[in-house]
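The values are calculated or read from the model by the stated rules, or taken from the named source; none is laboratory data. Keep in mind the model is a prediction, meaning the values are calculated, not measured. No Cβ is skipped: glycine too gets one built from the backbone with ideal geometry, and neighbour counts run over all protein chains shown. Just the protein is used for accessible areas: all its heavy atoms, side chains included, with ligands, DNA and RNA removed. Shrake-Rupley method; radii C 1.70, N 1.55, O 1.52, S 1.80 Å.
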Amino acid sequence: MSELYRFPLKQCIGKPSVAVIQTGAKVKRGEMIAAKPQDGLGANIFSSIAGTVVSVNETEIVVDPDEKQSAGYVKLKKKKPLELIEEAGLVGLGGAGFPTYAKFSKPLGEKGTVIINAAECEPILSHNIARIEKRPEQLLRGLEIAMEVAGATNGVVAIKEYHKEAIDALRKILGNYKGMRIVPLIDMYPMGEERAIIREVFGEVLPVTALPLEANAIVINAETACRIAEAVDEKKPLIDKDMTVGGKIAGNAQDKLVQVFMDVAIGTPVQTMFDRAGGVNPDCGELIMGGPFTGKRTTMEDVVVKTTGGLIAAECFPKGPEKIGLLVCACGANKERMHQLAESLGSKVVGVECCKQAKEVNGNLKCENPGRCPGQVQKVMALKKAGAQAVLIGNCTDCSNTVMSCAPKMGLPVYHCTDGALRAVNHKIVRAIKK
Ligand code: SF4
């Protein structure tokens, strides 16, 4: 091993963690190197490898790994499940990064429900389903622990209905667990949005400002549930992460376009992960960390963090029009990312519109009814009026469909924020017009 492993001190919602190790110290795999801040939300951080700390600064800890590594780790010390969840540094591993222990801060009322979000909604990403197929008992054990901690009598696994193998694997053992059921979801983006999941499970649309607690529920990502089982049953801190790596991989071998990597050590350089996947094709467009809809541009020098779910080498950018209009979705690329994509297309942004269901809550956009299109004709017309020669959209499946039914008729070609990632793996692009 020669590459350095880096551990950013801010890897979740809340305050940065506080380094508890000095430069020059020897660390073991599973040893705590940064502690949850005492005065607010945050999470502990552990070294995922054995090695020597080569630097500690305000933003990160860097570890030079030893030549020899083992799969073992320093075990957690606490005893009770909720204490272990907190000690392990668990956060929402679907990308949100909300500290998991904080989800249990208010007890659920009578007949409360813990919902496992196994929608794995972003196209391309497939590591959650891969783990469920391989270890269905781990997911249900994580759900069982979460139900116990929350005082919930009901457990739900919300999963897209086309994942038949994963559903079969769960059904085979479901009878061993009390109060659990599977809720199949249709294949639509953004079915994994927390309030979309609540709607599908309870038939109730929560207001944009509401948390799942208002439906007497807690929603936990599938991998997070599996890591809860590891923390409680194996005393394992959060040091490994599952992820999907793919896109323009060297040689473009079909079997390498989308690959799942389980238990990748957090802190691993992005370059190392693409190398493991076969190396990046030199004619790729951009590197994305996350999924095609909500991922961010990354570099080979970045590292895998707790919330990393995908690494995608996208297709080259086509030449865009001189003037473009942006249509922003609450559940897709944010405004900043849309501007970045427009710049990469070589286009000047002449207008920005948000889907009318996208409402601002604490500086972020939230959709009033995720994935149910309110109509986009007005917004597309406004962009045309602003001088756009094409539109770049980040909309959900249903709204993209509506844009496709009007923009081309107005003479506006449509680009989607997911195009580069989806084209790189020969995935169908988000464009369908519903019949
Ligand atoms: S309805 Fe609008 S804001 Fe909501 S998911 Fe679809 S495009 Fe996004």
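How large is the accessible surface of L345 in square angstrom, using a 1.4 angstrom probe and rounding to the nearest 10?
Number for this one is 10 Å².
Along Cα→Cβ, 7 Å out, is where each label goes; now give me the distance between the ones at E204 and T153 in nm to one decimal.
1.6
Calculate one ³J(HN,Hα) per residue across the range 121-133 by plugging θ = phi - 60° into the Karplus curve 6.51 cos²θ - 1.76 cosθ + 1.60, and present them in order as whole Hz with x for glycine and proline.
Going residue by residue, I get 6, 5, x, 6, 5, 9, 6, 5, 5, 4, 5, 4, 5 Hz, with x marking Gly and Pro.
Quick one: pull the percent of accessible area on the range 5-65 belonging to carbon and sulfur, 1.4 Å probe, ligands and nucleic acids left out.
Numbers: 1440 of 2630 Å².
Reported share for carbon and sulfur atoms: 55 percent.
Find how much the distance from D255 to K68 grows on full extension, using 0.36 nm per residue of separation minus their present alpha carbon separation; answer in nm with one decimal.
Values: separation 187, 0.36 × 187 = 67.32 nm, distance 3.07 nm.
The span from D255 to K68 would gain 64.2 nm if fully extended.
Using heavy-atom solvent-accessible surface (probe 1.4 Å) with all chains present, what is the largest-first order of F261, F7?
Working: F261 35, F7 0 Å².
In descending accessible area the options line up as F261, F7.
What FRET efficiency comes out for the pair L4/M262, r = Cβ-Cβ distance, R0 = 30 Å, nearest 0.05? Don't skip to the answer; put the middle values down first.
Values: r = 23 Å, r/R0 = 0.76.
E between L4 and M262, to the nearest 0.05, is 0.85.
Quick one: accessible area per residue over the chain, 1.4 Å probe, rounded to a whole number of Å²? Don't skip to the answer; put the middle values down first.
Working: 18350 Å² over 435 residues.
For the chain, the solvent-accessible area averages 42 Å² per residue.
Show me, for the range 182-188, the HN-Hα J-couplings you get by feeding each phi into the Karplus relation (A = 6.51, B = -1.76, C = 1.60, θ = phi - 60°), rounded to Hz, glycine and proline as x.
10, 10, x, 10, 6, 8, 8
At 0.692 mPa s and 37 °C, plugging the Kirkwood radius over alpha-carbon pairs of the chain into Stokes-Einstein gives what diffusion coefficient in µm²/s? Before the final figure, lay out the partial values.
Numbers: Rh = 22.5 Å.
Roughly 146 µm²/s, to the nearest whole number.
All other residues with a Cβ under 10 Å from the Cβ of I182 taken together, and with Lys, Arg as +1 and Asp, Glu as -1, what is their net charge? Intermediate results must be reported in sequence, preceding the final value.
Numbers: positive: R171, R181; negative: E161.
Summing Lys and Arg as +1 and Asp and Glu as -1 gives +1.
Would any residue of the range 15-49 have its amide N under 15 Å from a label point 7 Å out along Cα→Cβ of R276? List them or say none.
48-49
For the residue pair Q378 and T23, what label-to-label distance in nm results when each label sits 7 Å from Cα along the Cα-to-beta-carbon direction?
Going by the 7 Å Cα→Cβ label model, 5.8 nm.
Enumerate by residue number the GluC sites (Glu not before Pro) in the range 41-84 meeting two conditions: DSSP loop (anything except H, G, I, E, B), and at most 15 other Cβ atoms within 10 Å of the site's Cβ.
E58, E67
Once you place label points 7 Å from the Cα toward the Cβ at Q38 and E137, how far apart are they in nm?
Each label point lies 7 Å from its Cα, and together they span 4.3 nm.
Calculate the length of the line joining the C-alpha centroid of the range 268-294 to that of the range 306-330, in whole Å.
That distance is 14 Å.
Based solely on C-alpha atoms, express the radius of gyration and the Dmax of the range 311-435 in angstrom.
Reported Rg and Dmax, both Å: 13.5, 38.
Between E234 and H427, 0.36 nm times their residue separation minus their Cα-Cα distance comes to what?
Using 0.36 nm per residue and subtracting the Cα-Cα distance, I get 65.7 nm.
On the protein heavy atoms, probe 1.4 angstrom, tell me the percent of accessible surface of the range 81-233 carried by carbon and sulfur.
Working: 2950 of 5800 Å².
The nonpolar share, carbon plus sulfur, comes to 51 percent.
Would you work out what percent of the accessible area of the range 272-392, with all protein chains in place, is carbon or sulfur (probe 1.4 Å)? Show your work: numbers first, answer last.
Numbers: 2460 of 5150 Å².
For the range 272-392, the apolar C and S fraction of the accessible surface comes to 48 percent.
Please give the calculated 222 nm ellipticity per residue for the chain, where each DSSP H segment of at least 4 residues contributes -39500 (n - 2.57) and the sum is spread over every residue; nearest 500 deg cm²/dmol? Could you put the intermediate results ahead of the total?
On the way: 12 runs with 111 residues, N = 435.
Calculated from helices alone, the mean residue ellipticity at 222 nm is -7500 deg cm²/dmol.
With no solvent and one point on each alpha carbon, what is the Debye value of log10 I(q)/I(0) for the range 1-155 at q = 0.11, 0.12, 0.15, 0.20 Å⁻¹?
-0.53, -0.63, -0.94, -1.33
Using a Förster distance of 56 Å, how high is the FRET efficiency between K78 and K409, based on the Cβ-Cβ distance and rounded to 0.05?
Details: r = 61 Å, r/R0 = 1.09.
Given R0 = 56 Å and the Cβ-Cβ separation, E is 0.35.
Label point 7 Å out from K348 along Cα-to-Cβ: which residues of the range 384-404 have amide N under 13 Å?
387-389
Once amide H atoms are built 1.01 Å from N in the peptide plane, which residues 5 or more positions from F46, or in another chain, come under 5 Å H to H?
Excluding prolines and chain starts, which carry no amide H, the hits are I33.
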